[in-house]
Amino acid sequence: MTLFSRAGDANSHRARFVLAEKGITYDVVDVDPDDLPEDLIDLNPYQTIPTLVDRDLVLYDTRVILEYLDERFPHPPLMPVDPVSRARFRLALYRIERDWYDLLTQIELAPDRGSGNRLKRQLKESVLTTADAFNIKPFFLSDEFSLVDCSIVPILWRLPKLGIEIPTSAKGMNKYAERMFNRPSFKLALTETEREMRKPC
């Protein structure tokens, strides 16, 4: 199994987090977006990151990759068994991607500081609307660690780099973030570029 990944890319981080949580052995190809490997160009018509290759199967949508890994390696399970709960988790993943990951991409591509600051405010507001949810259960709206957590935590990790602070009043979210950042699989999934995001200046 091979993962085409970019060191600072949040979607790649999600995939690496799931691979680490499952204890899956894989090869990683670090991709420079300005100099794409020929293999990636041949395998993925969209040339997007992350791209997962498992024998003859090539996957290049992050959520498809995450769900495939969960089904292909069922232990530990990262999605609920019953259809109603799975649908709710999929909706949560959809909203996180639409509301957080899309904004993160827009921030990275912002043409000027003003636009970037406006988008950062939107991301902060969107993240903080979920703050109360972290007071209810040990994981995001769940008693068990899930693919939703694998998608939330890479965003929370990047907030200080974006100049976004979680206020001390959001105690549940801060405690959750601290626990997740200390999770062995999360630490294992970090690249050196991602570790640098949290190093003091």
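Exactly which chymotrypsin sites (Phe, Trp or Tyr not before Pro) in segment 42-125 are in a DSSP loop and have at most 12 other Cβ atoms within 10 Å?
Numbers: sites: TYR46, TYR60, TYR68, PHE89, TYR94, TRP100, TYR101; in loops: TYR46, TYR60.
Passing both the DSSP loop test and the Cβ count: TYR46.
If I take all pairs of Cα atoms in segment 27-79, what percentage of them are more than 13 Å from each other? The share of Cα pairs beyond 13 Å in segment 27-79 comes to 61 percent.
Counting neighbouring beta carbons within 10 Å and listing from fewest to most, the residues THR48, THR168, THR191 come out as THR168, THR48, THR191.
Applying the Kirkwood pairwise sum to the alpha-carbon positions of segment 93-188 produces a hydrodynamic radius of 13.9 angstrom. For segment 127-194, the set of GluC sites (Glu not before Pro) satisfying both a DSSP loop assignment and a count of at most 15 other C-beta atoms within 10 Å is given as GLU144, GLU165.
Segment 171-198 and segment 131-148 have their alpha-carbon centroids 16 Å apart.
For segment 2-72, the share of DSSP beta bridges that are antiparallel, to the nearest 5, is 65%.
What number do you get for the chain when its Cα radius of gyration is normalised by 2.2 N^0.38 Å, N = residues? Ratio of Rg to 2.2 N^0.38 Å for the chain: 1.01.
The numbers here are math on the coordinates, done by the rules we state, and not lab data. This structure is a prediction, so every number in the text was calculated from the model and none was measured. Cβ atoms come from the backbone with ideal geometry, glycine included; neighbour counts cover every protein chain shown.
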